[in-house]
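J.: Following this message is one structure expressed as structure tokens.
The values are calculated or read from the model by the stated rules, or taken from the named source; none is laboratory data. What you see is a predicted model; the values in this text were computed from it and never measured. Backbone-built Cβ (ideal geometry, glycine too); neighbour counts: all protein chains shown. Note: accessible area is taken over every heavy atom of the protein model, side chains too, but ligands, DNA and RNA are not part of it. Shrake-Rupley method; radii C 1.70, N 1.55, O 1.52, S 1.80 Å.
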Amino acid sequence: MHPLDTAIALKPLAKGSYLAHTSAAYANMIGPFGGTTSALLLNAVMRHEDRLGEPIALTVNYAAPIADGEILVEAQAVRTNRSTQHWLMQATQNDELVAFATAVTALRRETWSALEATPPQNVKEPLSLSRMDTTNKPVWTQCYDMRYMDGEMPGEAGGAEQDDSYSCLWVRDEPPRALDFPSLSAICDSYFPRIFIRRQRRLPIGTVSLTTYFHADSAMLAAQGEQFLLATAKALNFRNGYFDQTAEVWSADRQLLASTHQMVYFRD
């Protein structure tokens with residue numbers, strides 16, 4: 001199995017109830033990489049026998065640090081309409097809530113469509129760039145092939161503060177894996193905290209809430225296959241211990257696959 005599939009594997013216990021386990025491959029500074037938690041909760045919906053359609057929105061709230069070991073994951077459809085379905089998911093350890101989420105799935109139909117967002121221009125091809133060195137970086141970074149054009153995570157020595165927190169990179173699973181909704185949701189959290197980029201030093205941080213909007217359907221994800229994704233991220237504001245992070249993920253042929261926004265705690 002691919003390391004990601006191992007990290008988000010679910011053992012059915014009852015309808016909508018599953019047993020999962022943290023993965024050492026996706027270890028972060030404290031607990032697991034948040035992207036795998038997001039993918040795990042979404043996978044509980046994807047596996048559910050009552051699911052209608054495909055994901056269009058996912059919001060994950062990280063309530064407490066997740067310890068290494070077993071996780072009880074539960075998913076419940078709380079409202080089903082003709083074309084949309086609303087979900088509640090939660091993860092618990094030792095009967096204590098560690099993360100909870102909402103999701104919306106939907107049946108898409110062909111309509112008028114238009115793209116207003118603009119992908120990065122004049123970017124270098126991914127294989128012409130060096131892969132990011134993961135030395136002295138969290139273990140989970142070894143599970144991604146990241147090739148930065150702008151805004152790479154600073155080294156431990158740090159550097160001079162920058163005027164913005166913008167990053168632009170190519171990214172894909174390592175080893176390569178065909179893209180699907182869980183893997184895309186994990187990649188949407190693979191950006192380094194914007195305060196690291198802006199201030200060029202590492203600070204204690206923790207994601208509080210992460211929302212991902214899926215603009216792609218399964219056919220678009222299948223067309224992407226194992227190719228690199230083009231990704232950008234920036235912050236809008238840093239204030240009184242919290243900052244936001246907004247990001248976009250584009251396919252190799254410049255289709256917008258997902259956009260994401262999160263609120264992050266920091267200590268300074």
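J.: Out of the total accessible area of the stretch 60-208 (probe 1.4 Å, heavy atoms of protein only), what percent is carbon and sulfur?
T.: Details: 3600 of 7970 Å².
Within the stretch 60-208, the accessible surface is 45 percent carbon and sulfur.
J.: While we're here: In sequence order, what are the phi-derived ³J(HN,Hα) couplings for the stretch 254-268 according to the Karplus relation 6.51 cos²θ - 1.76 cosθ + 1.60 with θ = phi - 60°, rounded to whole Hz, with x for glycine and proline?
T.: 6, 9, 6, 8, 7, 10, 8, 9, 9, 10, 10, 7, 9, 10, 9
J.: With a cap of 15 neighbouring Cβ atoms within 10 Å, and only residues DSSP puts in a loop, list the GluC sites (Glu not before Pro) found in the stretch 34-139.
T.: On the way: sites: GLU49, GLU70, GLU74, GLU96, GLU110, GLU116; in loops: GLU49, GLU110, GLU116.
Here the GluC sites (Glu not before Pro) that fit, given the DSSP loop and packing criteria, are GLU49, GLU110, GLU116.
J.: Give me a comma-separated list of calculated 3J(HN,Hα) values for the stretch 211-227, in order, Karplus coefficients 6.51, -1.76, 1.60 applied at θ = phi - 60°, integers in Hz, x for any Gly or Pro.
T.: Karplus values, whole Hz, x for Gly and Pro: 10, 10, 10, 9, 8, 8, 9, 5, 5, 5, 5, 5, 5, 5, x, 9, 5.
J.: Another question about this same structure. With a 1.4 Å probe and all protein chains left in place, how much accessible area per residue does the chain have, in Å²?
T.: 49
J.: Based on alpha-carbon atoms only, what is the radius of gyration of the stretch 179-268 relative to the globular estimate 2.2 N^0.38 Å?
T.: Values: Rg = 14.1 Å, N = 90, 2.2 N^0.38 = 12.2 Å.
Compactness ratio reported: 1.16.
J.: According to the Cα gyration tensor, what semi-axes, each the square root of 5 times an eigenvalue, does the equivalent ellipsoid of the chain have, listed from largest to smallest in whole Å?
T.: Values: eigenvalues 156, 105, 61 Å².
Working from the Cα gyration tensor, I get semi-axes of 28, 23, 17 Å.
J.: Okay, next question. 5 Å is the cut-off here: which amide hydrogens, built 1.01 Å from N in the peptide plane, fall below it relative to LEU257, excluding neighbours closer than 5 in sequence?
T.: Here the answer is VAL249, TRP250, SER251, since their amide H atoms fall under 5 Å of that of LEU257.
J.: Okay, helix-only estimate at 222 nm for the chain: each DSSP H run of n ≥ 4 adds -39500 (n - 2.57), divide by all residues, round to 500 deg cm²/dmol; what do you get?
T.: Values: 5 runs with 38 residues, N = 268.
That comes out to -3500 deg cm²/dmol.
J.: Sticking with this one: What FRET efficiency comes out for the pair ASP268/CYS168, r = Cβ-Cβ distance, R0 = 25 Å, nearest 0.05? Please list the in-between numbers first.
T.: Values: r = 26 Å, r/R0 = 1.03.
The value I calculate is 0.45.
J.: Exactly which trypsin sites (Lys or Arg not before Pro) in the stretch 1-62 are in a DSSP loop and have at most 13 other Cβ atoms within 10 Å? Intermediate results must be reported in sequence, preceding the final value.
T.: Numbers: sites: LYS15, ARG47, ARG51; in loops: LYS15, ARG47, ARG51.
Filter output for the stretch 1-62: LYS15.
J.: I would also like to ask the following. Label the stretch 118-183 by shape, choosing from rounded, prolate and oblate, from the square roots a ≥ b ≥ c of the eigenvalues of the Cα gyration tensor; if a/c is under 1.5 it is rounded, and otherwise prolate applies when a/b is larger than b/c, oblate when it is not.
T.: In terms of gyration-tensor shape, oblate.
J.: Right, something else. Subtracting the Cα-Cα distance from 0.36 nm times the residue separation, let me have the gained length for THR6 to HIS261 in nm, one decimal.
T.: On the way: separation 255, 0.36 × 255 = 91.80 nm, distance 2.63 nm.
Value of the extension gain: 89.2 nm.
J.: I'd like the distance between the alpha-carbon centres of the stretch 82-120 and the stretch 157-194, rounded to an integer number of Å.
T.: Each part reduced to its Cα centre gives a spacing of 20 Å.
J.: Same structure again: Can you tell me the equivalent ellipsoid semi-axes for the stretch 1-144? Use √(5λ) from the Cα gyration tensor, largest first, whole Å. Mind showing how you got there, number by number?
T.: Numbers: eigenvalues 153, 134, 30 Å².
Output for the stretch 1-144: semi-axes of 28, 26, 12 Å.
J.: From the square roots a ≥ b ≥ c of the eigenvalues of the alpha-carbon gyration tensor of the stretch 86-215, which class results: rounded (a/c under 1.5), prolate (a/b over b/c), or oblate?
T.: oblate
J.: Tally Lys and Arg at +1 and Asp and Glu at -1 over the other residues with C-beta under 15 Å from the C-beta of PHE266: what net charge comes out?
T.: Summing Lys/Arg as +1 and Asp/Glu as -1 gives +4.
J.: Same structure again: For the chain, calculate the relative contact order in percent as a whole number, restricting contacts to Cα pairs under 8 Å that are 6 or more residues apart. Can you show the working numbers first?
T.: Numbers: 599 pairs, mean separation 46.2, N = 268.
So the answer I get is 17 percent.
J.: So which trypsin sites (Lys or Arg not before Pro) in the stretch 94-174 are both in a DSSP loop and have at most 16 other Cβ atoms within 10 Å of their Cβ? Each step should come with its number before you reach the end.
T.: On the way: sites: ARG108, ARG109, LYS124, ARG131, ARG147, ARG172; in loops: ARG108, ARG109, LYS124, ARG131.
Here the trypsin sites (Lys or Arg not before Pro) that fit, given the DSSP loop and packing criteria, are ARG108, ARG109, LYS124, ARG131.
J.: What per residue convex hull volume, in Å³, comes out for the stretch 82-151 when only alpha-carbon positions are used?
T.: Values: hull volume 14.7 nm³, N = 70.
Residue-normalised Cα hull volume stands at 211 Å³.
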